[in-house]
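Rule-based calculations on the coordinates, nothing more; no lab input. Since this is a predicted model, take the numbers as computed values, not measurements. We place every Cβ from the backbone using ideal geometry, glycine too, and count neighbours over all the protein chains shown.
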Amino acid sequence: MVDGPEFTRWRKDAASALRSAELQADAGLHNWACFAAEQAAQLAVKALLHGVGAAPWGHDLEDLGRRLTDAGVPVPAELAASLLRLKRHYIPARYADAHPGGAASDQFLESDARAAIEDAEAVLRFVDDAWQHLAG
């Protein structure tokens with residue numbers, strides 16, 4: 001049994017977070033773009049987990065990907081790599097004390113933001129394809 005309304009609710013916020021990542025990257029706020037891309041992926045994966053009735057817990061994208069596989073939605077290796085790359089932005093993109101020196105905003109390049117957005121887009125595509133297959 002699938003829960004369409006719950007999936008849609010979470011997936012909508014994933015789209016908003018991805019749009020935020022794009023806007024922040026365009027504004028030169030690369031650390032915040034990386035964090036928003038991570039959030040977009042996290043919200044999308046949680047949408048799918050909610051949609052299949054597997055209540056997600058936590059914020060670790062790698063673990064959430066394993067939960068998808070456990071729920072019967074196998075995560076391919078290339079997507080697992082995207083989840084691993086994105087999860088690295090959860091704390092360091094936001095906090096200066098995650099770095100030995102300088103502000104968090106000094107640690108991220110435009111290329112980091114663009115790569116994070118590409119990874120998030122791949123996650124959202126995977127989630128949408130999986131949902132379409134599951135929900136018929």
Scan the stretch 1-101 for chymotrypsin sites (Phe, Trp or Tyr not before Pro) in coil per DSSP, keeping those whose Cβ has at most 15 other Cβ atoms within 10 Å, and list them by number.
57, 95
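Counting other Cβ atoms within 10 Å, keep those with at most 16, restrict to DSSP loop, and tell me which trypsin sites (Lys or Arg not before Pro) in the stretch 56-135 are left. Kindly include the intermediate steps, with their values, before the conclusion.
On the way: sites: 66, 67, 85, 87, 88, 94, 114, 125; in loops: 88, 94.
Those satisfying the criteria are 88, 94.
Within a Cβ distance under 15 Å of residue 53, other residues only, what is the Lys/Arg minus Asp/Glu net charge? Intermediate values should be presented prior to the final figure.
On the way: positive: 9, 46, 67; negative: 3, 6, 70.
Counting the neighbours of residue 53, the net charge comes to 0.
Wrap a convex hull around the Cα atoms of the stretch 4-135, take a quarter of its surface area, and give that in square nanometres.
On the way: hull surface 29.5 nm².
Mean projected area for the stretch 4-135: 7.4 nm², to one decimal.
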What is the extension gain from residue 118 to residue 106, computed as 0.36 nm multiplied by their sequence separation minus the C-alpha to C-alpha distance, in nm to one decimal?
2.2 nm
